[in-house]
Amino acid sequence: MELEEIQRIIKTVVKDYLEAQDNYLDITSETVLFGDNTVLDSIGLVNIVIDLESTFLDKGYEISLTSDVAMSRRQSPFRNVATLADFIYEQLNEQ
């Protein structure tokens, strides 16, 4: 799977979640997912993680966004859409 497609999936999942919360924002590669000025609260981030893992599983890819690898990184893969896409891309290429 290409990096651009992964970013598209993340943007769609985040947008769908936010719209369900009556929050309509333009989601870009630089949209902050975790940390200061984020579009998600902690519950939202958990929901996004679950939705992303399910979406990728439906497409035949098993990923883990809460693995020791993700949690032990010096910089969180959840900083923004682009860093999360990079992390998922790494996982998919290890399979």
Problem - Tally, over the stretch 38-53, of residues that are modelled with pLDDT of 95 or more and touching a helix residue (DSSP H, G or I) at 6+ places or on another chain (Cβ under 9 Å) - result: 4
Problem - Criterion (farther than 12 Å from V13 by Cβ, in contact with a Pro (Cβ under 9 Å, 6 or more places away or on another chain) and either polar (S, T, N, Q) or surrounded by 15 or more Cβ atoms within 10 Å (Cβ to Cβ) (or both)) met by exactly one of F78, F87 - result: F87
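For (1) out of contact with any strand residue (DSSP E or B) (no Cβ under 9 Å at 6 or more places or on another chain); (2) touching a residue at least 12 places away in the same chain (Cβ under 8 Å), each residue gets a yes or a no:
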position	(1), (2)
E2	yes, no
Q7	yes, yes
T28	no, yes
S42	yes, no
Y61	yes, yes
A70	yes, yes
L84	yes, yes
E94	yes, no
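Here is a yes/no grid of residues against (1) more than 14 Å from D16 (Cα to Cα); (2) under 14 Å from the mean Cα position of the chain (by Cα):
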residue: S29; (1), (2): yes, yes
residue: V32; (1), (2): yes, yes
residue: N37; (1), (2): yes, no
residue: D51; (1), (2): no, yes
residue: D58; (1), (2): yes, no
residue: Y61; (1), (2): yes, no
residue: T66; (1), (2): yes, yes
Practice task
Would you point out the residue of the stretch 8-37, among those that are of a type in the set (S, T, Y), farther than 17 Å from D86 by Cβ and at pLDDT 90 or above, that is least open to solvent (accessible area, probe 1.4 Å)?
Solution key: Y17
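The values are calculated or read from the model by the stated rules, or taken from the named source; none is laboratory data. Not measured: the values here are computed from a predicted model. So basically every Cβ, Gly included, is an ideal-geometry build from the backbone, and we count neighbours across all protein chains shown. For the accessible areas, the whole protein counts, side chains as well, though only heavy atoms, and no ligand, DNA or RNA atoms are used. Shrake-Rupley method; radii C 1.70, N 1.55, O 1.52, S 1.80 Å.
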